[in-house]
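Presented below is the structure to which this report refers.
The values are calculated or read from the model by the stated rules, or taken from the named source; none is laboratory data. All values derive from a computational prediction rather than experimental measurement. In this analysis, Cβ positions are derived from the backbone assuming ideal geometry, glycine residues included, and neighbour counts consider all displayed protein chains. Only protein heavy atoms, including side chains, enter the accessible area calculation; ligands, DNA and RNA are left aside. Shrake-Rupley method; radii C 1.70, N 1.55, O 1.52, S 1.80 Å.
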Amino acid sequence: MNQAYLAKPLPRPDRAQPPSSNARALSREERKEHLAMLLLLLPALIMVVVLLILPLCWLALQSVQGEEGFSLANYARILQEGIYWDTFALTFKISFLVTLLAIVMGFPVAYAASRLHGFWANLILLCVILPFWTSVLVRSYAWLVLLQRRGVVNQTLLDLGIIERPLTLMHNTTGTVIGTLHVMLPFMVLPLYSVMKKIPQDLLQASDSLGARPFYTFRRVFLPLVAPGVMAGSILVFVICLGFFITPELLGGGRTILVSMLVQRNVELYHAWGAASAVGLVLLLVVLLIFWGINRFIPIERILGAR
């Protein structure tokens, strides 16, 4: 009997076992859940395809169409003509300058709002959010009134004896930067505030109790924790500035030509949809390259706060 028992083949451990009824039921539930999620996402996917993918495909098709069919003349014109290089250079210069000024001006505002409580914190946030309730066009015309040669700014400086003759603050790069900075500042303050508000006060107090000076605490403790907010706000402000149109058009007075204005002139003045499409796609490619370069050093998920 022992020999018969020993003669029975032992089950092979690597043999695939048939799935149990519970496993099959769980698999069916997972497939149903995935199908339900796909059906819920379907309207959003359709909207993305209709409003984003198809227009981009149409722009790409327009940019390579010439009088005789397929042509790369629009892209060759961007590489060969100096006006395109100057426009792109000025656009990036103004965008970088506005982003830098937004960090310098937005950081103390966000810090004050995150450290104060009650009425004063709400008052600061209200002053930051209030411009969103006003049209960009109205704010741009308001800056025209303030910055003109006989405007409030020049008249105040003249009355105080700071200047002897009115400054040229509009229809140039200076007016464009001032007006654009006013519009973009909330996009920097809000990400900074959301990050600063989550920093535990105990960390700063612990650093102070260990003998660290305030500047050392700010540089080694506070600033690294705020870095994702600075990066998020900088990316947001910089990318919006690259395609900003209304304020540069009004305050630039036709002398400060940005990429968005170049696209508009190609369409309205020359009816050159191909050239305008090529400029837009080149700008999009540059923005994607910027995101790719940033992601090489700091993951976008960390900047946006995703886990």
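Taken over the stretch 120-163, the residue count meeting the criterion of being within 18 Å of VAL183 (Cβ to Cβ) and of a type in the set (D, E, K, R) is 1.
Among the conditions (1) in a helix (DSSP H, G or I); (2) open to solvent by 80 Å² or more (accessible area, probe 1.4 Å), the only one that ILE162 does not satisfy is (1). Taking the stated definitions as given, is GLN65 at pLDDT below 85, of a type outside the set (Lys, Arg) and over 41 Å from the mean Cα position of the chain (by Cα)? When the stated conditions are applied, GLN65 does not pass them. Report whether or not LEU130 is in contact (Cβ under 8 Å) with a residue 24 or more places away in the chain, in a helix (DSSP H, G or I) and open to solvent by 50 Å² or more (accessible area, probe 1.4 Å). Answer is no for this residue. Does any residue in the stretch 151-180 that is in contact (Cβ under 8 Å) with a residue 40 or more places away in the chain come within less than 9 Å, Cβ to Cβ, of a residue that is outside any helix (DSSP H, G or I) and open to solvent by 70 Å² or more (accessible area, probe 1.4 Å) six or more places away or on a different chain, and which pairs are these? These pairs meet every condition: MET170/GLN148; MET170/ARG149; HIS171/ARG255; ASN172/ARG255; THR173/ARG255; GLY175/THR168. Checking ILE246, ILE235 one by one, the residue that is under 30 Å from TRP143 (Cβ atoms) and open to solvent by 40 Å² or more (accessible area, probe 1.4 Å) is ILE246 and no other. Taking the criterion of being without any contact (Cβ under 8 Å) to a residue 24 or more places away in the chain, aliphatic (A, V, I, L, M) and out of contact with any helix residue (DSSP H, G or I) (no Cβ under 8 Å at 6 or more places or on another chain), would at least one residue in the stretch 256-275 satisfy it? Looking through the stretch 256-275, at least one residue is without any contact (Cβ under 8 Å) to a residue 24 or more places away in the chain, aliphatic (A, V, I, L, M) and out of contact with any helix residue (DSSP H, G or I) (no Cβ under 8 Å at 6 or more places or on another chain).
On the stretch given as the stretch 167-196, residues that are of a type outside the set (A, V, I, L, M), open to solvent by 40 Å² or more (accessible area, probe 1.4 Å) and touching a Lys or Arg at 6+ places or on another chain (Cβ under 9 Å) total 4. The residue list LEU144, LEU125, LEU137 contains one member that is in contact (Cβ under 8 Å) with a residue 60 or more places away in the chain, open to solvent by less than 60 Å² (accessible area, probe 1.4 Å) and closer than 21 Å to PHE244 by Cβ, which is LEU144. Screening ARG149 with (1) at pLDDT 90 or above; (2) open to solvent by 60 Å² or more (accessible area, probe 1.4 Å); (3) of a type outside the set (Phe, Trp, Tyr) gives one miss only, at (1).
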